[in-house]
Amino acid sequence: MTFDATSAPAEGDLWPAPFRGKSPVQARIAIPGSKSVTNRALVLAALADSPSTLRRPLISRDSALMKSGLISMGIVIEDGDDAWVVKPGALTGPALVDVGNAGTVMRFLPPVAALANGEISFDGDARSYERPIGPVIRALEELGVQIEHEGRYSLPMVVHGTGALRGGEIDIDASASSQFLSALLLIGPSTLKGISARHIGGQLPSMPHIDMTVAMLRDFGAEVEVDNNRNTWKVHPSRLHGRDFVIEPDLSNAAPFLSIAMICGGSITIADWPAKTTQPGDYLRSIMSLMGADISRNDDGLTLVGTGVIHGIDIDLHDVGELTPAIAALAALADSPSHLRGIGHLRLHETDRLAALTREINSLGGDVTEDETSLHINPVPLHGGVFHTYDDHRLATAGATIGLVVSGVEVENVATTQKTLPDFPGLWSNLLA
């Protein structure tokens, strides 16, 4: 949904954010699997030449929508003990894909549908109609795919698959979302000529997610050439091979949990933090260190030790924009001002995150100002109140984070966290108990 910054949004169910105060915590937590890795692995496994076993997948609304979309097109996915077995087969229509408000589903599955034989219809939540998908539609049309969208270049739409896609060279402006580029690269091996995609717009956001796509394509057997100087990625036609694949924990979802030790003091250990990863969440190590935390990693995981004192930060978050709500919540509780830059593309996410963060922190007495691409946060004493989420999971966790030391914060529609965390309220409350 979108909102008018001059009027309050409707209030849904209110969740009293647990208050802890400056009482140090000592805890260890296992974070559920990465949404970004899970949904990419589902697509690649569906396009492979043999079954795959995906271990420790994220079980959430976004991953459920991706699973359902692939199943509707003929892919068999069996639920096992903490694992999914994906059995690829012929992609066929007619089918209806519900994308919800999941960016990966609305952008990754239309190219997959172009490989199907038949009509694949796409629909979703009201907000999905407003989120950008036009560059993917235009790229597919240039590759010869017929798509019904009534000239809107947005959802809802129908993809007319012919069972094969020739591929070829394509120019695409992915400056609004790196997912536009990833969507084309993921189907590259399954096209007749491969895909050579050149980014022609402004600075690419979320480069770690593009690196993730490339790395996972290679994991499944694809040959990928990257020319960073020319902003070009070439995926050769080939067979993808099924594999036994372990999903990493979602490091971006670790942000609010690590924040507990930063705000309240003490230590938090996130189990199984990978030694090497393409996830943007890995940047939390350097960001939170700059904000005053002591961070170390060993075979058990990553441990953050905090004193309860948080330092303001001036930082460009362009490549790791999804971390912005968590960093903004910390900045609102810091001992000096912060400037979070390079995040204009967040206005096109689940909601306009810059406007939403400004409004909600200020509604608790904060001092946040926004410009087109950044937030300026001046820490001041905060008070309780309703923290609205706008159906955005990261707004909900930001509200819970502030509620650690601000009594009386009520998070509206905390259930929206099911997008990427199956039971955030339970995890949060148990950790604080």
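Restricting the search to segment 80-133, which residues are closer than 30 Å to residue 351 by Cβ, in a loop (DSSP other than H, G, I, E, B) and not small (Gly, Ala, Ser)?
Answer for segment 80-133, where residues must be closer than 30 Å to residue 351 by Cβ, in a loop (DSSP other than H, G, I, E, B) and not small (Gly, Ala, Ser): 99, 101, 125, 131, 132, 133.
Can you confirm whether residue 158 is assigned to a helix (DSSP H, G or I), hydrophobic (A, V, I, L, M, F, W, C), surrounded by fewer than 22 Cβ atoms within 10 Å (Cβ to Cβ) and in contact (Cβ under 8 Å) with a residue 24 or more places away in the chain?
no
Of everything in segment 231-261 that's in a helix (DSSP H, G or I) and aliphatic (A, V, I, L, M), which residue is farthest from residue 43 (Cα to Cα)?
This residue is 261.
List every residue pair whose Cβ atoms sit under 7 Å apart, with the two residues 6 or more apart in sequence or on different chains, where the first one lies in segment 131-154 and is more than 16 Å from residue 106 (Cα to Cα) and the second, anywhere, is in a strand (DSSP E or B) and not aliphatic (A, V, I, L, M).
Note: pairs meeting the criteria are 143/168; 146/160.
Here is a list of conditions, (1) modelled with pLDDT of 95 or more; (2) under 14 Å from residue 155 (Cβ atoms), and residue 103 meets all of them except one; can you say which number that is?
(1)
Would you kindly identify the strands (runs of 3 or more DSSP E) lying entirely within segment 276-342 that contain at least 3 residues that are crowded, with 21+ Cβ neighbours inside 10 Å?
Filter on segment 276-342 gives 301-306.
Would you be able to say whether some residue in segment 352-364 is closer than 30 Å to residue 56 by Cβ, not in a loop (DSSP other than H, G, I, E, B) and not assigned by TED's automatic domain parsing to the domain that holds residue 64?
Looking for residues that are closer than 30 Å to residue 56 by Cβ, not in a loop (DSSP other than H, G, I, E, B) and not assigned by TED's automatic domain parsing to the domain that holds residue 64, one finds at least one in segment 352-364, hence yes.
Being among the hydroxyl-bearing types (Ser, Thr, Tyr) and assigned to a helix (DSSP H, G or I) is the filter here, so list the residues in segment 161-190 that pass it.
Correct list: 182, 190.
Mind listing just one residue for me: the one in segment 201-219 that is at pLDDT 95 or above and either over 20 Å from the mean Cα position of the chain (by Cα) or outside the structural domain of residue 114 (by TED's automatic domain parsing) (or both) and, of those, surrounded by the most Cβ atoms within 10 Å (Cβ to Cβ)?
219
Looking only at segment 365-395, which residues are farther than 19 Å from residue 334 by Cα, assigned to a loop (DSSP other than H, G, I, E, B) and not β-branched (Val, Ile, Thr)?
Answer for segment 365-395, where residues must be farther than 19 Å from residue 334 by Cα, assigned to a loop (DSSP other than H, G, I, E, B) and not β-branched (Val, Ile, Thr): 371, 372, 388, 390, 391, 392.
The values are calculated or read from the model by the stated rules, or taken from the named source; none is laboratory data. All values reported here derive from a predicted model rather than from experimental measurement. No Cβ is skipped: glycine too gets one built from the backbone with ideal geometry, and neighbour counts run over all protein chains shown.
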